[in-house]
Amino acid sequence: MMPPPSNSSSGGAEEGDQCVVNDQMGPFTVLYILIFVIGLPGNLLSVWAFIHSSRTKVSVVQQQSTSVYLVNLLMADLLLLLALPFKILKDLGAAPWSLMVFHCQASAVTIYISLYASISFLAFIIIDHYLQDHSTLLSLRLQEVSFARLLSLVVWLLLLLIMVPNMALPIQDVQEQRYLSCSSLKKDIGLHWHAMTIFLNTALFLNASVAVLLCSSLALKRLLRSRSDSRLWADARRAAGSVVALALAYILSFGPYHIVRTPYTLTQTKVITDCHTKRQLFLGKESTLLLSLLHLCFDPLLFFYLYAPFRQTVREMFPCGRKQAACAEELATDEMMEPTTCVVQEEAV
């Protein structure tokens, strides 16, 4: 057992000649466990609902491209659920040394792949949701299922190309210690690649954020233009409300993390060396990362809200929902039969 860290004059905890930044992970670990416990059943239910919604009779053509992005977002969430327990065990101090090293090499990288995949697909969902109310030739082309699948494939390949070398680059031998900092395992080439991936991913987030903010601004502009027409105002208010709400949630969830992430990366690459500053930036990074990962709990609600077949499948799990679905199906059948009867009567006349 390593001796407990002592406070240095710089305001940081030091262990030997190293600055220990991750010795206060108790509260974060509790919150990560809560995120995992809440997010797991919701996302497993989402998997079941998406599988069964393919059998539904509801056809929502405008939401087909959205469904592609929602399925990919669900895949990113499942990837996070697989990797999160390793982070929890490491932060708890309950993991053996080999598992701590495995987390630094593999599961930590997986968490960031999942995070930036979620950022990308949430941005696509917001943009697609905005385009649903604009029936131009360009918007219709952007909403094609084949384009959505191609774009999703490009995102996954790009993230794997950027992030997987962090798993493959060689690491250096480090003496076993109570508080392992993943950056201490990296050689110089690994640190440089890690810094480059952070800046590339930040650029990805900034570009996605610009597109999201542009869509919300255009939705608000359309809302202001439709004030004179009550019918257009109702449609524009509905569209603008949902797009702006999603955009605000997107920025508030992922923006703070990226504000802290860049200066924290400078501590990992030894540009910032003051121990107190490193500790404060680490706590800021963990706090904002926790905020970013909260989407794991709320994504099932997004699936329910945005995809009608998913919503119908979930409702049919409950007796009242099955009864309501049967009534809706019977009503739809009656409405389809009425025009046929009218046609027959007209021919008889």
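Given labels modelled 7 Å from the Cα in the Cβ direction, how far is it in nm from Leu213 to Phe147?
The two pseudo-label positions are separated by 2.5 nm.
What does the accessible area of Ser98 come to, in Å² to the nearest 10, when a probe of 1.4 Å is used?
80
Find, to one decimal place in angstroms, the Kirkwood hydrodynamic radius of region 200-307, where the mean of 1/r is taken over every pair of different Cα atoms and then inverted. Please list the in-between numbers first.
Values: mean 1/r = 0.0615 Å⁻¹.
Averaging 1/r across every pair of different Cα atoms and inverting gives 16.2 Å.
Using a 1.4 angstrom probe on heavy atoms only, work out the carbon and sulfur share of the accessible area of region 191-286 in %. Walk me through the intermediate numbers first.
On the way: 3360 of 4970 Å².
The C+S portion of the solvent-accessible surface of region 191-286 is 68 percent.
So what's the convex hull volume per residue for the Cα atoms of region 71-111, in Å³? Could you put the intermediate results ahead of the total?
Details: hull volume 2.0 nm³, N = 41.
Spelled out: Cα convex hull of region 71-111, divided by residues, is 48 Å³.
Viscosity 1.567 mPa s, temperature 4 °C: Stokes-Einstein D of region 150-249 from its Kirkwood Cα radius, in µm² per second?
Details: Rh = 17.4 Å.
D = 75 µm²/s.
Output ³J(HN,Hα) for region 283-296: one whole-Hz value per residue in order, computed from phi by the Karplus curve 6.51 cos²θ - 1.76 cosθ + 1.60 with θ = phi - 60°, and x for Gly and Pro.
Result, ordered by residue: 5, x, 5, 5, 5, 6, 5, 4, 4, 5, 7, 4, 4, 4 Hz.
Show me, for region 187-201, the HN-Hα J-couplings you get by feeding each phi into the Karplus relation (A = 6.51, B = -1.76, C = 1.60, θ = phi - 60°), rounded to Hz, glycine and proline as x.
7, 4, 5, x, 5, 5, 5, 4, 4, 5, 5, 4, 5, 5, 5
Say R0 is 41 Å: what FRET efficiency, to the nearest 0.05, do Leu206 and Gln64 get from their beta-carbon distance?
Working: r = 29 Å, r/R0 = 0.70.
For R0 = 41 Å, the calculated efficiency reads 0.90.
Could you report region 257-298's accessible area per residue, 1.4 Å probe, as an integer in Å²? Walk me through the intermediate numbers first.
Numbers: 1700 Å² over 42 residues.
Accessible area per residue: 40 Å².
Return the distance in nm (one decimal) between the two label points of a simple spin-label model at Arg225 and Thr273, each offset 7 Å from Cα along Cα→Cβ.
According to this spin-label approximation, the distance is 5.8 nm.
By the scheme Lys and Arg +1, Asp and Glu -1, what is the net charge of all other residues having a beta-carbon under 13 Å from that of Asn72?
Numbers: positive: Arg149; negative: Asp77, Asp128, Asp299.
Taking every Cβ under 13 Å from that of Asn72, the sum is -2.
Measuring from label point to label point, each 7 Å out along Cα→Cβ, what is the Phe102 to Leu158 span in nm?
Output for this residue pair reads 3.2 nm.
Explain nothing, just the number: dipole magnitude of region 180-295 about its Cα centre with +1 on each Lys and Arg Cβ and -1 on each Asp and Glu Cβ, in debye rounded to the nearest 20. Intermediate values should be presented prior to the final figure.
On the way: 14 positive and 5 negative charges, 58 e Å.
Using only the charged Cβ atoms, the result is roughly 280 debye.
Evaluate Rg over Rh across region 235-285, taking Cα atoms for both radii and Kirkwood's formula for Rh.
Values: Rg = 17.1 Å, Rh = 12.9 Å.
Looking at region 235-285, the ratio lands at 1.33.
The values are calculated or read from the model by the stated rules, or taken from the named source; none is laboratory data. Keep in mind the model is a prediction, meaning the values are calculated, not measured. Cβ atoms come from the backbone with ideal geometry, glycine included; neighbour counts cover every protein chain shown. Calculation scope for accessible area: heavy atoms of the full protein, side chains included, ligands and nucleic acids excluded. Shrake-Rupley method; radii C 1.70, N 1.55, O 1.52, S 1.80 Å.
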